[in-house]
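The values are calculated or read from the model by the stated rules, or taken from the named source; none is laboratory data. Source: prediction; values computed, not measured. Cβ atoms come from the backbone with ideal geometry, glycine included; neighbour counts cover every protein chain shown. Keep in mind that these areas ignore ligands, DNA and RNA; they rest on the heavy atoms of the full protein, side chains included. Shrake-Rupley method; radii C 1.70, N 1.55, O 1.52, S 1.80 Å.
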Amino acid sequence: MVELKNEAYARVLKRRANRLGVPLEAAENVSSSKPVYLVAAEKAASRLGTTPEAVLQDDLRRLENSSYPTPNCLTPDDLEDLLDGLQERNLTIETLLEPEGVRLIANPDPSWAGQLNHLATCDPCRTLLSACRPSKEREAAFTEFVGKVYQPAVSKA
């Protein structure tokens, strides 16, 4: 079990390093006295040749100008229902993410027609839907993790 914890820590550390744009050693030594968002802004500023304040101001401007979420946007609960509906029809998220994906679904549930039309035109909702789809790498890692953790219990039974 210690080995699995070490693997999980290594994966989290790798993601932190990627997010901050720093080497693994630097990601492990991020000072807790400075907020992570500020460290990320400093690293982004370094990459972009600007100041951390400019990065944060740009983020704020994008948030203030964003129309997301609108009353028509999908919530995480809506997405869960949608994914269940897709599974019942043997369809995938990829089907909806294709340029004409929403139109490819034959006779959608009438209660979903408005939301599917919204999904076809709302980039933030499409991004949220896309985030529901694990990468093949993460899916394989999860399957391997479950096998390591639960296989010994199954073989003892």
May I ask you to compute the full-extension gain from ARG62 to ALA113, defined as 0.36 nm times their residue separation minus their alpha-carbon distance, rounded to one decimal in nm? 15.4 nm
Within the under-12-Å Cβ sphere about GLU42, not counting GLU42, Lys/Arg +1 and Asp/Glu -1 give a net charge of +2
Given the protein chains as shown and a 1.4 Å probe, how many square angstrom of LEU48 are accessible, to the nearest 10? 130 Å²
For ASP77, what accessible surface area do you get with a 1.4 Å probe? Give it in Å², rounded to 10. 100 Å²
Between THR92 and GLU144, take the C-beta separation as r, use R0 = 25 Å, and let me know the FRET efficiency to the nearest 0.05. 0.65
Taking a 1.4 Å probe, which of ARG126, ARG89, ARG133 shows the most accessible area, and what order do the others take after it? ARG89, ARG133, ARG126
Normalised contact order of the range 1-80, rounded percent, pairs of Cα under 8 Å and 6 or more residues apart: 16 percent
Inter-label distance for ALA26 and THR127, nm, one decimal - labels placed 7 Å from Cα along Cα-to-Cβ: 2.5 nm
In straight Cα distance, which aspartates and glutamates are under 16 Å from LYS34, not counting same-chain residues fewer than 8 positions off? GLU42, GLU53
